Every structure is written in C-alpha cells, then in structure tokens.
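Have a look at the structure below, then the notes.
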Amino acid sequence: MKKLLLPLLVVPALAWAQWAPSKLITTTVGFAPGSGNEISFRKASEIVMKQNPGVMFTVETRPGADAAVVSNAFMTAPSDGLHVMIPSHMSLFVTNDIWQKDIKRFEYNSFRPAVTLGKSPLVLVASSKSSVNTSQEFVKYITDGRTVNIAVGGGAHRMAYEYIMLKTRADTKLIQHVAFNGPLPAVTSVASYDGKNGTEFGIMPIAIARPLIEAGKVKAIGLTGGPKLKALPNVPLLSDVIPGLKVYAGWIVVLPPQTPNVIVDWYVDKFSKAILSQEYLTWAEQNYIIVDRDELNPRGVMAYAEELRTAFAPITKNIRVEK
C-alpha cells in the first residue's frame, strides 16, 4: 500500500513543476493605449519572456466603462492560463461598484489575482496656459464660481476628483469631470487646452503625465498621495491643502475565476521574479512607480483590496452616482 501511495503524492508536485504556457498568451487591458496598466504589464512581461524562453504575450487594449466591459467578458474567458487581464486596483475593488454597478456582471473578488505590477501616485496637472501654478491657487480657482473642466481617465482619477469636490465644497455644476478612455487621452487633452476650449486640468498617474510635464506641455500642481517624490521635489502633496487625499493608480495581473492553483502559482512565481529584477525596479523608479513586495502574491493583493474598500466606503456613500 505504501508503494502505491508514493506516486500519488509525487504527481501534484511534478504537475506544478512541469506546467507552462504552451501557446501565445492573450492579455487584455480595459483602457486606451498608454495606460499604466499597459505600460507596467509590457515591461514586466518583457522580462518574463526573457527569463522564460518560449513564453509569449500579446496585449489587446479594449477601452470602455472604466474596464467594466472587458471585465464582464473575462468572467467567461477560458481558465487555461492563456488569458490574462490587467485591471486597476481602484476600478475593480471600489469604483466599478459605484459608476458601473448597473452594467457589471462581476464582483470585486471574482477573479484570481496573481501580483500587483505597481502603484503610481496621481498628479493634478494644469495646462501650460492656465494661470494656476499651486495647489492653493487651484482650490481658490475652483471655489470662485467659475466653470472648470477636469479630465479623468480611470476609476482612481474619478475618485480623486470626487474627494476634491467633497472636501473643497466646490460646485459640481460648475466644476465638472470629463471622462476619457484612459489617462493618456486625458493628459493629452489638458496639453491641448487653448485657454478657452478643452480641459484646463486633469488627474492621472504621474507615470503617464511625466513626459508632458517634462516637455512643459502641462504643469504638475500636486500629488494625490505621499510621500513626495525625490525626482520631483518641487511638486507638493495636495493633502497639504486638501487633508486626507490619498489616492493611487495601481495595476494587477488577474486570471479568470476558475483558473487552477497550479496556473496561478506559475504567474505568481514568474511575475514576482520579473518585478523584483533590477531591470524592473530601475524602470519603476524612473517612472515614479512604487513596487509593494507585500502584494506579489494573491493574499497580499486581496488584503489591499479590503483595505481600499474599507478606506473609501465612507466616501462612496457621499458622492453622486450619475455617469
């Protein structure tokens, strides 16, 4: 009997060791090209492919309803390890329950998380043609009774906007958000503001806004989260004038609901190694992306999900829910 039991005990371990993707892996991003979801995944997967010859990824960007459209479709994606989605923390865990509640067919914990790719503080930017240069001037500007448009390109960005509106008591009939299918279109809109038409301000990850800030196309007014960035010592924290404002953009590798543990384990192993490589850590630092080592496994990702839901529950009860 003991001899018969030994092979049964060995098989699961061998199966884990031998599993690997045998075909091209399709990765879906629910935002327009240029999102933090896309750029962080492309960098991490590039390293995974170098470290694991034969593994190949392709990326499809399918924007719509703050990624709720692709998340709906992903509920029935094959659980064979060849289908991956890169949602955002705030959208999946919090804001899809608010602004997409009537269309979504998934829950915040429906999917199988692997790792967090990184987090980026959001930045409030102003057009180079705007008269606003500081966070204090911004608060005065939006509470002076003028009409202002603020570009947002994702759930975290919209949450930051709503928080600012609540705390400053700005008139939301005058200070309106303009939704884009991703942060790159949002910051591009601010850069093209002509002094009259378009979006004078925008909120998006600093990682996405950085090139236009450095080119002088937009001005960085303040960050929605701390600590201050060493590379941008002159950009203050918005919490200095809007207490409690702490919102980040973050991006996750997830698999379909019924994906076996053996496949999830492969993604955790390969992507955590890639993210902790010097190449990725250097890239992340250069792009103002924070790597949280506690979230390089499913338990850490879901612990952060619960933290976000607890932190923002009081706020979500007070914000308006119309699109």
Cα pairs beyond 35 Å in the chain, in percent, come to 23
Two decimals is fine: what's Rg over Rh for segment 126-222, C-alpha atoms, Kirkwood radius as Rh?
-> 0.92
Using the beta-carbon distance between Asp269 and Thr310 and R0 = 35 Å, what value does 1/(1 + (r/R0)^6) give for FRET efficiency, to the nearest 0.05?
-> 0.75
Extension gain, Thr58 back to Leu281 (0.36 nm per residue minus Cα-Cα distance, nm) = 78.0 nm
Cross-link table Lys219/Lys317; Lys119/Lys317; Lys23/Lys104; Lys246/Lys273; Lys119/Lys167; Lys246/Lys317, entries beyond 22 Å C-alpha to C-alpha = Lys219/Lys317; Lys119/Lys317; Lys23/Lys104; Lys246/Lys273; Lys119/Lys167
Long-range amide H partners of Val115 with built H, under 5 Å | Val253
Cross-link partners of Lys270 among aspartates and glutamates (Cα-Cα below 19 Å; sequence separation of 8 or more within a chain) = Glu38, Glu46, Asp80, Glu279, Asp292, Asp294, Glu295
For segment 45-148, what % of the accessible area comes from carbon and sulfur atoms, probe 1.4 Å?
-> 49
Where Lys and Arg each count +1 and Asp and Glu each count -1, what net charge lies around Asp194 among other residues with Cβ under 11 Å from its Cβ?
-> +1
Fully extended contour minus Cα-Cα distance, from Arg105 to Thr172, at 0.36 nm per residue = 21.2 nm
Hey, can you find the accessible area per residue of the chain for me, probe 1.4 Å, expressed in square angstrom?
-> 45
Simple label model, 7 Å out from Cα along Cβ direction - Lys196 to Ala20, nm | 6.2
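The values are calculated or read from the model by the stated rules, or taken from the named source; none is laboratory data. Values in this document were obtained by computation on a predicted structure and should not be read as measured data. Positions of Cβ are generated from backbone atoms using ideal geometry, with glycine treated the same way; all protein chains shown enter the neighbour counts. Note: areas computed on protein heavy atoms with side chains; ligands, DNA, RNA excluded. Shrake-Rupley method; radii C 1.70, N 1.55, O 1.52, S 1.80 Å.
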